[in-house]
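The values are calculated or read from the model by the stated rules, or taken from the named source; none is laboratory data. If you're wondering where the values come from, they're calculated on a predicted model, not measured in any experiment. We place every Cβ from the backbone using ideal geometry, glycine too, and count neighbours over all the protein chains shown.
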Amino acid sequence: MLVKVVCALFFGCLIVTAALTPAVMRLARKIDAVDRGGYRKIFQGTIPLLGGLGIAGPLIMLSLAAGTAGYVIIGNWEWVWIHHRDSFDLLFSFAASRNEYMILAIGGIAIVVLGLIDDTKGLRAKWKLLGQAVIALFVCLSGHRLTIVAVPLVGDVSLGVGLGGFLTMLWLVGLINAFNLIDGVDGLTSGIALIGAGTLVTLSIIQQNAYVTFAGAALTGSLFAFLLYNFPPAKIFLGDTGSMFLGYVLATLSLKGAQKSEAAVIVFAPMLALGLPIFETLVSVVRRYVRGVPIFVGDNLHTHHRLLGKGYSQPRVVLTLCGIALFLAAAAIMSAVIPENSKWAWCPYVLYVGTLVNTAWLAGYLRPMAFKRTLARRQRNRILQALARYATLRLNAGRSVETNLLLELCRQELGLRRIEIHMMSGVRWIVPTNGKEDDGSEASREKLRVKSSDGQDIMIWYEFENTPEDGMREDISSCLAGIFDQMRIEQAVNSSEDIC
């Protein structure tokens, strides 16, 4: 019966998502919820966002239906006992998870709304993080809280209410952002999530956890269908609506799935299953700190960007990283199957660490010379970030004469021949003001697209005075993006006149 239910959920959600996704694509284009690219994007043209709606819709509706059915069964247990005595134990076992289904649905609705606002209107990082923290707090207060952690070779470690709650929120918010972080190549996030969800289903069957099995099977079916539209070249993107929803669901299921184990509230198997997004998050934090740039400022130096830079095609990048995720999933399943007192208990952890070390080497993180160059760029980036903060502050003052002088200063400090800023409102800023032409020296023309803090698209064209040295392109792009994505257009421009 369990197999029949799992198959029904998998294929049912697969069909619903496959039918729903084209409608979501039309809706996204109608309301202009599309991705037009940017300085960290690798695609051309406009791609509809909101793909997460096709995945979230079936799972949320099923969770609401399951939670409601559970409350009805508990409220009418006498009638169930009289008319369905043979299946009474099974129905009550299902109804026991009614709160979990409702928590999953309510939190899922909240994270989808947060993602929709970000995809359609644009949210600053601090407000998005605050919304994620509130949702994580709701899940934590609803009973999904760590109290004991099972540490290999150490045993069970008890956590207090405060520390347990903090670690729970850290896990939820961290995994939500981890899936948002790896969403940089067509099909990558949905592929990694598909492997993670399938692994959690396998672990939950081993642990005999029907709630995680059913929810995970439904999610796996939807992801399989969505991947047909999202594999490169993608017809639709997950958007923040989808990537944050996937992080939320997998984080919640991994917490509750581990709570059903015999000895501990959380074990290492779920962490092993979701190892690649966790690895990418930790590496990104360390990399940005070492480079001297803000931790929450995006860049194009992630593992998938590095593989693309080595000549990998997008499909090859997706298949390579999904292959790595499969090895990590195998380590998770092995850790759940092999007894702790077995002489082979070390195998899953060796496989896990070895896979991540190989991934780090493949991406170039462990090259001594690359690390040395990163340290050398740290001081330069700190200066560039200080310039970006100062420029943003002065640009938002809105005095056109000072704006022109400030942009000229930025051009000189960044070693650029020319900067052109084109705004959605039609205002143009071109520096230098004398229309300086190419003098024949070696130059490189670049462009990037950013969104200002008040939601307006800004296109920036710039030319280097000379061929930039190693890493300078990324640092200059990061500095320019840091200036203009913090700018408030209405305050920065006090007239409709072009500054040329």
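For the structure I just gave you, tell me whether GLY221 is assigned by TED's automatic domain parsing to the domain that holds PHE138 and farther than 30 Å from MET1 by Cβ. Outline the logic, then answer.
Working: assigned by TED's automatic domain parsing to the domain that holds PHE138: yes; farther than 30 Å from MET1 by Cβ: no.
Taking the combined requirement at face value, the residue does not satisfy it.
Of everything in the stretch 202-213 that's crowded, with 24+ Cβ neighbours inside 10 Å and among the hydrophobic types (A, V, I, L, M, F, W, C), which residue is farthest from LEU328 (Cα to Cα)?
VAL212
Checking THR189 against (1) out of contact with any Pro (no Cβ under 9 Å at 6 or more places or on another chain); (2) free of Cβ contacts under 8 Å to residues at least 60 places away in the same chain; (3) within 20 Å of GLY52 (Cα to Cα): exactly one of these is not met. Which one?
Looking at each condition in turn, THR189 falls short on (1).
Please specify each residue of the stretch 97-113 satisfying the condition of being farther than 12 Å from LYS256 by Cβ and among the hydrophobic types (A, V, I, L, M, F, W, C).
MET102, ALA105, ILE106, ILE109, ALA110, ILE111, VAL112, VAL113
Spot the failing condition for GLN314; the list is (1) surrounded by fewer than 19 Cβ atoms within 10 Å (Cβ to Cβ); (2) within 21 Å of the chain's Cα centre (by Cα); (3) over 26 Å from VAL173 (Cα atoms), and only one is missed.
(1)
Taking the stated definitions as given, is ALA217 of a type in the set (Gly, Ala, Ser) and within 25 Å of ALA96 (Cα to Cα)?
Criteria met by ALA217.
Would you call LEU167 more than 27 Å from LEU228 (Cα to Cα), at pLDDT 90 or above, surrounded by fewer than 23 Cβ atoms within 10 Å (Cβ to Cβ) and not polar (S, T, N, Q)?
Numbers: more than 27 Å from LEU228 (Cα to Cα): yes; at pLDDT 90 or above: no; surrounded by fewer than 23 Cβ atoms within 10 Å (Cβ to Cβ): yes; not polar (S, T, N, Q): yes.
No, not satisfied.
Looking at THR213, is it over 21 Å from GLY54 (Cα atoms), at pLDDT below 95 and hydroxyl-bearing (Ser, Thr, Tyr)?
No, not satisfied.
Among the residues of the stretch 49-59, is there at least one that is closer than 23 Å to ASP299 by Cβ and either touching a Gly at 6+ places or on another chain (Cβ under 7 Å) or modelled with pLDDT of 85 or more (or both)?
yes
Please find, among LEU223, LEU250, LEU228, the residue that is among the hydrophobic types (A, V, I, L, M, F, W, C), under 22 Å from LEU167 (Cβ atoms) and in a helix (DSSP H, G or I). Can you show your working first?
Numbers: LEU223 fails: under 22 Å from LEU167 (Cβ atoms); LEU228 fails: under 22 Å from LEU167 (Cβ atoms).
Within the list LEU223, LEU250, LEU228, the selection yields LEU250.
Among the listed residues ALA125, ALA136, which satisfies the condition of being closer than 23 Å to GLU280 by Cα, within 16 Å of the chain's Cα centre (by Cα), touching a residue at least 12 places away in the same chain (Cβ under 8 Å) and surrounded by fewer than 24 Cβ atoms within 10 Å (Cβ to Cβ)?
Values: ALA136 fails: surrounded by fewer than 24 Cβ atoms within 10 Å (Cβ to Cβ).
ALA125 is the lone residue from the list that is closer than 23 Å to GLU280 by Cα, within 16 Å of the chain's Cα centre (by Cα), touching a residue at least 12 places away in the same chain (Cβ under 8 Å) and surrounded by fewer than 24 Cβ atoms within 10 Å (Cβ to Cβ).
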